[in-house]
1. With θ set to phi - 60°, apply the Karplus curve 6.51 cos²θ - 1.76 cosθ + 1.60 along region 360-370 and write out the HN-Hα couplings as whole Hz, x wherever there is a Gly or Pro.
2. Rank C5, C398 by accessible area, highest first, at a 1.4 Å probe radius?
3. Normalise the Cα radius of gyration of region 101-146 by 2.2 N^0.38 Å (N = residues in it) and let me know the number.
4. Each residue of region 137-148 in turn: what ³J(HN,Hα) in whole Hz from Karplus with 6.51, -1.76, 1.60 and θ = phi - 60°, glycine and Pro shown as x?
5. Could you grab the relative contact order for region 188-384? Cα pairs under 8 Å, six or more apart, rounded to a whole percent.
6. So which residue, out of E327, E126, E28, gets the largest mean-square fluctuation from a GNM of the chain using Cα contacts under 10 Å as springs?
7. Between beta-carbons, use under 11 Å as the cut-off and find the net charge around D268, counting Lys and Arg +1, Asp and Glu -1.
8. Run a plain Debye calculation on region 188-384 (Cα atoms as equal point scatterers, no solvent) and give log10 I(q)/I(0) at q = 0.12, 0.16, 0.19 Å⁻¹, rounded to two decimals, same order as the q list.
Amino acid sequence: MPRVCTVRDVDWGGKTALVRVDFNVPMEADGSIADDTRIRAVLPTLAYLRGQGAKVVLMSHFGRPRGGPEPKYSLAPVAERLSALLGDSVQFSAGESVGEAPERRVHLLEAGQVLLLENVRFHPEEETNDSTFAQKLAKLGDVFVNDAFGAAHRAHASTEGVAKYLPAVAGLLMEKELSALGTALNNPKRPFVAIVGGAKVSSKLAVLENLIGKADSLLIGGGMANTFLKAQGREVGKSLLEADLLETARGLLERARERGVRLLIPTDVVVTTSFDDASAPVRTTGVDAVRADELIMDIGPDSLQAYEAEIARAGTVLWNGPMGVFEKPAFAAGTLGVAHALAGSHAITVVGGGESVQAVEEAGVADRLTHVSTGGGASLEFIEGKTLPGVAALKADCA
Ligand code: ADP
Ligand code: MG
């Protein structure tokens, strides 16, 4: 993992931790919290800090308010849920994330107490990474802790700017993410099998390029597989296709061959004649017999079996992107099959990506994997090999 200092490198006695968390939780229509996974994910860091006698100030973004306060994007319900999870009352800085009122509250905090600031995106300066705003945030703590891996790919005031004005360290969740993704990618137990799916080659191009330089096997599924199939001269009918990337796909196949990477694309697929009409006929076919009026919606059983065999002999598996349109039950078998294969393997198994993580949860296997990333976009950029601004801003020298 990138060398960063963590909460364990700080002597917390009497200090206030200003902690960036990702409390951007999904909500129900009635304004209640639909899923509190992201809140639970930071409990270890909070327990650690409170156990060390720190005062804790939490900050997060929530939704996409348009440059000012909007009641539906208030973090008030999150403060309530966090209180319930901690079994201890969490203070909430209603109305204000920076300035005199929160500063006064921070001043009155006692060791172990927790204050949640209102949504930092109520200030447009958050996303413009305004230095004055970052300095105002920095006034609310002695040490900056970044535990929001899911927001680390954004250089905003609360993820990057604030680190210029305070010593900055990783929280335990951030550390776990960097360590799991970093080990899988850069220090894998071999064979290293990477599985890449999802809708498009274009959104995963950097991922594919980086993985071809690192993996022993690369298994391709999802809509992007169509572009590879077409690049090999196969009929893909009305399937999702990026015709402008055929040359790119050929280049990737060629690079994989040169580097001795086993690049697998589907040999059979599940097809239908309408993306939206659930009553349209569905059939499984070899990739050589897709008809002009058909769309490829999932990898077929032979492909799944081949992918399972790769997974079974892997030392490390890194998975990003579903194998098919798994949101529709008729086309979920490939994705769920891969999820179960990961759960059954002895390899180090790491999953990143919004929809992939959703699939792993739907398959009910999340707790049987080594690591399921909490960061969609952030894990994607990490797998691309990019340096995340929120990580680059952390201290690397802990002496
Ligand atoms: P992740 O969020 O895990 O990185 P992506 O966002 O890249 O994954 O892609 C997820 C989407 O890809 C899913 O919503 C799925 O329906 C879609 N998809 C997968 N296979 C196909 C396909 N054959 N045709 C069209 N869309 C597909
Ligand atoms: Mg996605």
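The values are calculated or read from the model by the stated rules, or taken from the named source; none is laboratory data. All values reported here derive from a predicted model rather than from experimental measurement. When we count neighbours, we look across all protein chains shown, and the Cβ atoms used for this are built from the backbone with ideal geometry, even at glycine. Ligands, DNA and RNA are stripped out before the accessible areas are found, and what is left, the full protein with its side chains, is counted by its heavy atoms. Shrake-Rupley method; radii C 1.70, N 1.55, O 1.52, S 1.80 Å.
1. Per residue, the Karplus-derived 3J(HN,Hα) values read 5, 6, 4, 6, x, 10, 3, 7, 9, 9, 5 Hz.
2. On the way: C5 0, C398 50 Å².
Largest to smallest exposure gives the sequence C398, C5.
3. Values: Rg = 11.5 Å, N = 46, 2.2 N^0.38 = 9.4 Å.
Here the Cα radius of gyration is 1.22 times the empirical estimate.
4. My calculation for region 137-148 gives 4, 4, 5, 9, x, 9, 9, 8, 10, 9, 10, 9 Hz in order.
5. On the way: 438 pairs, mean separation 45.5, N = 197.
Reported as a whole number, the value is 23 percent.
6. E28
7. Values: positive: R283; negative: D288, D298, D302.
Once positives and negatives cancel, what remains is -2.
8. Values, matching the q order: -0.52, -0.96, -1.37.
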